[in-house]
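> Below is one structure. I have some questions about it.
The values are calculated or read from the model by the stated rules, or taken from the named source; none is laboratory data. Note that the structure is predicted; figures quoted are calculated from it, not measured. We place every Cβ from the backbone using ideal geometry, glycine too, and count neighbours over all the protein chains shown. The area values use the complete protein model at the heavy-atom level, side chains included, leaving out ligands, DNA and RNA. Shrake-Rupley method; radii C 1.70, N 1.55, O 1.52, S 1.80 Å.
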Amino acid sequence: MDHTVVGTRGVANSPDSAAPSRSSLMTRERWIEVGRILLTGLIALLYWQQLVPEQILWVAVAIGLYPLVKTGLLDLIHEHKIGTEIFVTVATLVAVLGGETVAGAVLMVIILIAEFIAELNTDRARASIKSLIGSVPQVALMRSAEGERAIPIAELRAGDVVLVRAGEKIPVDGRIADGTASVDEAPITGESLPKEKTAGDLVFAGTVVEAGALDIITEKIGGDTTFARIIALVEGAEAEQAPVQKLADKVAAWLIPIVFAFLAVVYFVTRDVRTIVTLMIFTSPAELGLATPLVMIAAIARAARSGILVKGGLYLESLAKVDVMVFDKTGTLTANKPEVVRVESRNPGFPEIELIRLAAAADRRSAHPLAKAVVAYAAKQNVAVPEPEAYEQLRGRGAKATVAGKAVLVGNPALLRESGIAFPDAAESGAETPVHVAVDGQLAGVIFIADTLRPGAREALTKLKATGVKRIIMLTGDNAATAQAVASTLGVDEVRSELLPEDKVAAIAELQQQGHRVAMIGDGINDAPALARADIGIAMGGGGTQAALEAADVALMTDDLAKIVTARAIARRAYRTIQENLFVGVGVVHLCGITAALLGWIGPIQAAILHLGPDVLVFLNSVKLLRIRIERD
């Protein structure tokens, strides 16, 4: 078996061992770049020692400048952007033409080295993203009537049975046909403890069978798997620029003419080419473009490793800035496993068993969690549930059906009020959700259903408030008494109950009109309109759910509210890191460099050496997001 599934052994998340080395990133083009740098540097050294004529130095400068000029012109033509390449080219030409030939050549060599190192390290950081998340095997062991054989993943089809043993990675998304195993789902959910899996359970590609063996019925392969969607989201997230990143690009654009005007004034006053060349190195706005993208790459990768999918830097910044968080109740703050706790008959003609029979018949076609609880209770009580002759689900209200010739309404108080059916207000009290049952226009009884709170919910909300969230609001279609009971237990600031989906959207719009930045947390399907309306939508339990991944800006791969705390912590840390990069790594270093140049303390060569400082600071400050400890990580 060791040879049938290639590259599947080992723990999924071992970034230290899986991270690509710099040598593995040394392509043929990079080796050519190294040769160009060494050649230019050697000729500059020989010219300085007066061993080669000036014409040879000019040739070396041309060779060194060629890739810079090419890249700079392409950026200028296609993206209308002036970057480091143009600045270095102009600075070198100004130095050489101004009589500072050696300084110009040395300047160019040092800048080329700095840019080469920065580019290599950035590529290494990008390559580390996939290694942080994991990988999927490319060969699987397929079991069929003819026996077992190893085949490429691309040849698998839905319905094929794949055998996976202990220590191997699961190559497909599917359901277990046979076997039991302990599966490490960290690459998908971010959970550190393995889960016990048995027949009928869903498993994901890229996860690891820690112990046991499984026969898995293939459902999705390749780019359709949850793992592949995670990779695609992480890799594509960089395109969604955060506002601070767009601002940096805009600043770089309008800063360029100001820089050239400043240099012209300095030259007019000093007539010193050496000072101008030195200043050009420190007035380049190129580092502004490096200050934010690498942070976003690192933060999105770190979130993905924790089972949190962020669709772009735009949403990271939004999450860092939200001051109001709005939660759905059922399935978000509660565990979405409601159970019938008691049944009250309100009409002598409808004893408890008959009440349950009619209610379950009306609810048996509904997918609502409360309806499922009623049907499950009827099955538990061994009540025979008939098929309704007619059925209609009423969004945000309940259901109406015709059962054995009787008109049955099952739903919340609003449904009964709209139908003109009187009922005592006492039915709405308590921490349980009352499901009212009316038959032929009269209240027949009330079924009380309770939902358990999600573990750790109160602690998560408390930690969110500690991060600067001013208000936590719960929006629910449930009745006021039940909603208030849940809110009081969890410490929610405000409750709005008996809401339709459009009412939730209106509530979020109202908060936004008040100047708040609003995050909506829901299940990613029923709450899709509200998730889309909020400044940032967070979907709970996105594991294996395409709708959840598409509905929200952030998807949590498990139903763990603590992951919202982690996501918020990562977002705030990323935003703070960007600020550090801009104001310390770029602003302070460049301001000191410009001051030193104007005072004549440093020349072009020293400036070129110091130019490496901001790049190194920005890089180190950004990639630390991949390693440092973050809340609940």
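> Filtering the range 554-573 down to residues that are of a type in the set (Gly, Ala, Ser) and within 14 Å of residue 467 (Cα to Cα), which residue is farthest from the chain's Cα centre (by Cα)?
Going through the qualifying residues, I end up with 562.
> Could you list, in sequence order, all residues of the range 580-605 that are in contact (Cβ under 8 Å) with a residue 12 or more places away in the chain and either open to solvent by 10 Å² or more (accessible area, probe 1.4 Å) or aromatic (Phe, Trp, Tyr) (or both)?
580, 582, 584, 586, 589, 590, 594, 598, 600, 602, 605
> Same structure, new question: Do we have residue 430 as modelled with pLDDT of 85 or more, surrounded by 14 or more Cβ atoms within 10 Å (Cβ to Cβ) and not hydrophobic (A, V, I, L, M, F, W, C) here?
Spelling it out, it is not the case that residue 430 is modelled with pLDDT of 85 or more, surrounded by 14 or more Cβ atoms within 10 Å (Cβ to Cβ) and not hydrophobic (A, V, I, L, M, F, W, C).
> Tell me, which residue of the range 497-524 that is under 24 Å from residue 434 (Cα atoms) and either in a loop (DSSP other than H, G, I, E, B) or open to solvent by less than 50 Å² (accessible area, probe 1.4 Å) (or both) is modelled with the lowest pLDDT?
Here the residue is 523.
> Among the residues of the range 315-356, how many are under 23 Å from the mean Cα position of the chain (by Cα) and over 22 Å from residue 498 (Cβ atoms)?
So the answer is 9.
> Another question about this same structure. Residue check: is residue 485 part of a helix (DSSP H, G or I), open to solvent by 20 Å² or more (accessible area, probe 1.4 Å) and of a type in the set (A, V, I, L, M)?
Judged against the criteria, residue 485 is a match.
> Might you check whether a residue that is touching a strand residue (DSSP E or B) at 6+ places or on another chain (Cβ under 8 Å), of a type in the set (Ser, Thr, Tyr) and open to solvent by 10 Å² or more (accessible area, probe 1.4 Å) occurs anywhere in the range 319-333?
Within the range 319-333, none of the residues are touching a strand residue (DSSP E or B) at 6+ places or on another chain (Cβ under 8 Å), of a type in the set (Ser, Thr, Tyr) and open to solvent by 10 Å² or more (accessible area, probe 1.4 Å).
> Also, quick follow-up: If you check every pair at least six apart or on different chains, which have Cβ atoms under 6 Å apart with a residue in the range 517-545 that is within 11 Å of residue 326 (Cα to Cα) first and a residue that is at pLDDT below 75 and open to solvent by 10 Å² or more (accessible area, probe 1.4 Å) second?
These pairs meet every condition: 531/551.
> Could you check the range 510-523 and list, in sequence order, the residues that are within 19 Å of residue 538 (Cβ to Cβ) and either polar (S, T, N, Q) or out of contact with any Lys or Arg (no Cβ under 6 Å at 6 or more places or on another chain) (or both)?
Selection gives 511, 512, 516, 518, 519, 520, 521, 522, 523.
> Moving on to the next point. Within the range 312-326, can one find any residue that is touching a Pro at 6+ places or on another chain (Cβ under 7 Å), under 30 Å from residue 184 (Cα atoms) and touching a residue at least 60 places away in the same chain (Cβ under 8 Å)?
no
> For the range 312-327, enumerate the residues that are of a type in the set (D, E, K, R) and either in contact with a Phe, Trp or Tyr (Cβ under 8 Å, 6 or more places away or on another chain) or modelled with pLDDT under 90 (or both).
317, 321
> Could you tell me whether residue 195 is open to solvent by 40 Å² or more (accessible area, probe 1.4 Å), modelled with pLDDT of 80 or more and in contact with a helix residue (DSSP H, G or I) (Cβ under 8 Å, 6 or more places away or on another chain)?
no
> Give 391, 377 a once-over and let me know the one that is touching a strand residue (DSSP E or B) at 6+ places or on another chain (Cβ under 8 Å), of a type in the set (Phe, Trp, Tyr) and open to solvent by less than 50 Å² (accessible area, probe 1.4 Å).
Of the residues listed, the single one that is touching a strand residue (DSSP E or B) at 6+ places or on another chain (Cβ under 8 Å), of a type in the set (Phe, Trp, Tyr) and open to solvent by less than 50 Å² (accessible area, probe 1.4 Å) is 377.
> Continuing with the same structure: Residue check, residue 353 against (1) open to solvent by 40 Å² or more (accessible area, probe 1.4 Å); (2) at positive phi, all met but one. Which one?
Here residue 353 meets the rest and fails (2).
> Working only within the range 441-460, note down all residues that are open to solvent by 40 Å² or more (accessible area, probe 1.4 Å) and under 13 Å from residue 362 (Cβ atoms).
Within the range 441-460, no residue meets the criteria.
> Another question, if that's okay. Could you tell me which numbered condition residue 52 fails, if it satisfies all but one of (1) in contact (Cβ under 8 Å) with a residue 12 or more places away in the chain; (2) hydrophobic (A, V, I, L, M, F, W, C); (3) not in a helix (DSSP H, G or I)?
Among (1) in contact (Cβ under 8 Å) with a residue 12 or more places away in the chain; (2) hydrophobic (A, V, I, L, M, F, W, C); (3) not in a helix (DSSP H, G or I), residue 52 violates only (1).
Okay, residues lined up against (1) more than 25 Å from residue 505 (Cα to Cα); (2) among the small types (Gly, Ala, Ser); (3) in contact (Cβ under 8 Å) with a residue 60 or more places away in the chain:
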residue: 356; (1), (2), (3): yes, no, yes
residue: 372; (1), (2), (3): yes, no, no
residue: 385; (1), (2), (3): yes, no, no
residue: 389; (1), (2), (3): yes, no, no
residue: 401; (1), (2), (3): yes, yes, no
residue: 416; (1), (2), (3): no, no, no
residue: 433; (1), (2), (3): no, no, yes
residue: 450; (1), (2), (3): yes, yes, yes
